[in-house]
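Engineer: Next up is a structure, given as C-alpha cells.
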Amino acid sequence: MAKPRACTLADVATAANVDVSTASRVLNNDTSQRVAALTRERIVAVANKMNYRPNPLGRGLRNSRTYSLGISIPQLENPVFAQIIEGAEMAARKHGYSLLISHVKNLAEDPGAFERLELMNRVDGLIVSTLEEDKFLRAALARTSLPFVLVNRRIRGIVNSVVFDGKAAALLATERLTRAGHRRIGFLAGRLTGFNGLARLRGYREALRMVGVSPDPSWVVTAGYTAEGGERGMYQLLDSSAQQPTAVVASTLLSAAGALRALHARGVPVPAQISIASIQDAAIGQLFYPQLTTVKLPLFEMGSIAADGLIAILNKRGKVVSRMLAPLGLIERDSVATPLDI
C-alpha cells in the first residue's frame, strides 16, 4: 500500500483560506506581522485537524538553524539528570525543537566539548549541567558562541541560569533530623568551592544553629557527587569524628547511596544507630534499604524553564533566564528515627 501523503503547509493554508505566508507566520509563532486573533485560531484549528507537522529540516535549511537544543550532563548513572532531561525535552518538543543529549564528563580534559557541537552545526543552543569547577566551565563556554543556559549551577558573571535553592533544601533535610532529636549531625558535602556546595553547607549550619548547636568541623566531609565519594565520606565520619554523629545529611542521592553502603558494610543499623536524610529525590530512593527520606527538588521544572528560556532567546523573544526555584518539600520514608541516646 502507498504511504499516505503528509499534510503540507500549503494544504493548511488552502483549508484555512489564507496565504501560505500567513499560515507559516502563525504556525512558527512569528510575531513580526500582526495576524487577527480569529484568523490565528482558525489556522491552528485546521492544522490540528489535518495533523499538520512542520518539516524541521526544510525549516532549518531556509534560515540556517537546526531546531535542536543540546543538553550536556556530567553523569549518565545519576537519576537526577534524567528528570532535568525529561523537563527540557517536553518543553523543547512543545516549541517544535528536538533535544540532543551530550555526555560531557570532564571539561578539564575536554574543553572543546561545547565548541564541537557548534562546529558540527548540531544544535542552536545549549542547556549546560556540569559538576566541573568554575574555571573549567568558563573556559569551555568561552570557546563557543552558542546561546546557553546553566541548570543547577550559577557562577559569577553568567546571567542565564536556572537553579534550586540549595540552602533551603539542606535546611529542610537537617531540620527533619533535628526534629527527631538529633544534635550530632554529619554532613556529606558536595564541592565546597562551588555555588551548590556552599549553599547546602549554609543551610545545614543554619538548621543546627536554630537548635543551639555549633557543628563540629569534623562532622563536615567533602564527599563530592558520587556513590564512591559518599562511601568514603561515611567511613571518614565513622572513623575520625571525636563524637560519632547520630545522623547524616547527604548532599546528593548518589552520595547517600554510598553512605548506606558503608554503614551496611560496618554493620551499623539504619536508622536505629545512625539516621540519614538526602537532598534530591528519585524513584530509586525507594529501592534502598531502608528507603531514604529525601528533599524533593524541582528538577523537571528546571529543565523545562531552561528550555523555554533558551528558545525565547533564540527567537528574540527574551534576553535573560535567571530563576531560583524552591524545593518541593520533604519525602518521608524509613531512614530517620529518634537517636538512641535520648
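Engineer: How many residues, within the range 237-263, are at pLDDT 95 or above and open to solvent by 60 Å² or more (accessible area, probe 1.4 Å)?
Structural biologist: 1
Engineer: Related question: Any residue in the range 206-215 that is within 19 Å of Ala259 (Cβ to Cβ), open to solvent by 20 Å² or more (accessible area, probe 1.4 Å) and of a type in the set (D, E, K, R)?
Structural biologist: Looking for residues that are within 19 Å of Ala259 (Cβ to Cβ), open to solvent by 20 Å² or more (accessible area, probe 1.4 Å) and of a type in the set (D, E, K, R), one finds none in the range 206-215, hence no.
Engineer: What tally of residues in the range 296-306 results from selecting those that are over 11 Å from Ala326 (Cα atoms) and open to solvent by less than 10 Å² (accessible area, probe 1.4 Å)?
Structural biologist: Matching residues across the range 296-306 total 2.
Engineer: Please go through the range 269-285 and give me each residue that is open to solvent by less than 20 Å² (accessible area, probe 1.4 Å), in a loop (DSSP other than H, G, I, E, B) and within 17 Å of Tyr235 (Cα to Cα), ordered by number.
Structural biologist: Scanning the range 269-285 gives Val270, Ile274.
Engineer: For the range 86-109, which positions are modelled with pLDDT of 90 or more and buried (at least 19 other Cβ atoms within 10 Å of the Cβ)?
Structural biologist: Selection gives Gly87, Ala88, Glu89, Ala91, Ala92, Tyr97, Leu99.
Engineer: To continue, here is another question. Among the numbered conditions (1) under 30 Å from Ala277 (Cα atoms); (2) in contact (Cβ under 8 Å) with a residue 60 or more places away in the chain; (3) touching a helix residue (DSSP H, G or I) at 6+ places or on another chain (Cβ under 9 Å), tell me where Glu133 comes up short.
Structural biologist: For Glu133, the exception is condition (3).
Engineer: Can you name every residue in the range 147-166 that is buried (at least 19 other Cβ atoms within 10 Å of the Cβ) and over 15 Å from Ser129 (Cα atoms)?
Structural biologist: Result: Gly166, single match.
Engineer: Every residue in the range 128-140 that is over 21 Å from Gly190 (Cα atoms) and either touching a Gly at 6+ places or on another chain (Cβ under 7 Å) or surrounded by fewer than 21 Cβ atoms within 10 Å (Cβ to Cβ) (or both), please.
Structural biologist: Ala139
Engineer: Now for a different question. When only residues in the range 1-59 that are under 19 Å from Asn315 (Cβ atoms) and of a type in the set (Val, Ile, Thr) count, which is modelled with the lowest pLDDT?
Structural biologist: Checking each candidate, the answer is Thr31.
Engineer: Does the range 215-231 contain at least one residue that is of a type in the set (Gly, Ala, Ser) and farther than 20 Å from Leu292 by Cα?
Structural biologist: yes
Engineer: Hey, could you check the range 319-336 for residues that are assigned to a loop (DSSP other than H, G, I, E, B) and open to solvent by less than 30 Å² (accessible area, probe 1.4 Å) and say which is farthest from Leu177 (Cα to Cα)?
Structural biologist: The extreme case among them is Val321.
Engineer: Those residues that are charged (D, E, K, R), more than 25 Å from the chain's Cα centre (by Cα) and over 15 Å from Ala168 (Cα atoms), I need them from the range 187-223; list them, please.
Structural biologist: Correct list: Asp216 only.
Engineer: Just the residues that are touching a residue at least 40 places away in the same chain (Cβ under 8 Å), polar (S, T, N, Q) and open to solvent by less than 20 Å² (accessible area, probe 1.4 Å), please, taken from the range 167-203.
Structural biologist: Hits for the range 167-203 are Thr174, Asn196.
The values are calculated or read from the model by the stated rules, or taken from the named source; none is laboratory data. Only a predicted model underlies this, so the values are computations on that prediction, with no experimental measurement involved. For neighbour counting, all protein chains shown are included, and Cβ atoms are generated from backbone atoms with ideal geometry for every residue, glycine included. Just so you know, the surface numbers come from the protein's heavy atoms only, side chains and all, with ligands and any DNA or RNA stripped out. Shrake-Rupley method; radii C 1.70, N 1.55, O 1.52, S 1.80 Å.
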